[in-house]
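Remarks on the structure that follows.
Bear in mind these aren't lab numbers, they're just calculated from the coordinates by the rules spelled out. Note that the structure is a prediction, hence the values are computed from the model and not measured. Note that we place each Cβ from the backbone using ideal geometry, even for glycine, and neighbour counts take in every protein chain shown.
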Amino acid sequence: MFHGALSALVTPFRDGAIDEKALRELVEWQIQSGVDGLVPCGSTGESATLTHAEHEQAIKLVIDQARRRVPVIAGTGSNSTAEAIRLTAYAREAGADGALLISPYYNKPTQDGIFRHYKAIATAVDLPLIVYNIPGRTGSNIAPETFARMCEVRNIAGVKEASGSMDQCSDILKFCGDRLTMLAGDDSLTLPLMAMGAKGVISVITNVTPREMHELAAAGLAGDFARARELHFRMLPLMRTLFLETNPIPVKQACAFMGKCTNEVRMPLVPMTPAAAEKLRAAMRELRLV
């Protein structure tokens, strides 16, 4: 259902509020550059510090600006099952094509608790769900066997896998590859995961190189791994530099270097340190982005 390079959008801020003009312009540039989908209000969109009203504002704005030209998968996850259901229901009513839901963080539920969390959301809201597994942020991992159980739940359509473990990804694809769509959660692992059967990536780097990442994913889907490797190695230094500090601090700075938005992030995140920002600028200069 979802494939290619889907952009995990930053949320532009100005003077403490969502910069609607900058967000609309970012969405338009992304679509014109060929991205295969838009993902507002994920980790890259600083969802953890958005108010509920702002969360809904950002989702609605992206859906309105996209005008059905590409799918919009709204970030609606929470460590509270009831809250995740409410946010997902709002996304459906607003016209989203799917929802991205992070595994419950801080609570550290059991594998059965994780399964029941997603099943409850899938049962309550008739919308395709992408399960987001990122143990480095949540404090718990979704086991391949749990994904195998999720395959049987209507509306659970895929997984954004950001465990960083190729062994785990291999097992998920082995158990579920014909029933769940795997999307890479790390830009640098897009190529190897697509070689194993993943269908694309929910990407950070697309905020600054949307066309190139779309082309990499398209090449992978077409089986043209020579072209995919060429693009992978070209972008790899920037992929790494965008994680010198906690995401989305560097990508916000990169967007600011390109004039797409300010580099304003919300506390407890702080702007990129000058030394790291200079390394980022150098990596962007190599790609002629600045």
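Summary of computed values
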item: J(HN,Hα) series, the stretch 60-71, from Karplus relation 6.51 cos²θ - 1.76 cosθ + 1.60, nearest Hz, glycine and proline x; result: 5, 4, 5, 4, 4, 6, 5, 6, 6, 6, 9, x
item: Least to most buried among TYR90, TYR118, TYR106 (fewest other Cβ within 10 Å first); result: TYR106, TYR90, TYR118
item: Residue order, fewest to most surrounding Cβ atoms within 10 angstrom, among THR246, THR44, THR190; result: THR246, THR44, THR190
item: Efficiency of FRET between GLN111 and MET1 - r from beta-carbon atoms, R0 22 angstrom, step 0.05; result: 0.30
item: Spin-label model distance (nm) - HIS52 vs CYS151, 7 Å beyond Cα toward Cβ; result: 3.7
item: Semi-axis lengths, Å, the stretch 4-234, gyration tensor of Cα atoms, sqrt of 5 times eigenvalues; result: 24, 24, 15
item: Positive-end extreme of charge dipole, the chain - chosen from VAL159, SER140, ALA283 (charges on Cβ); result: ALA283
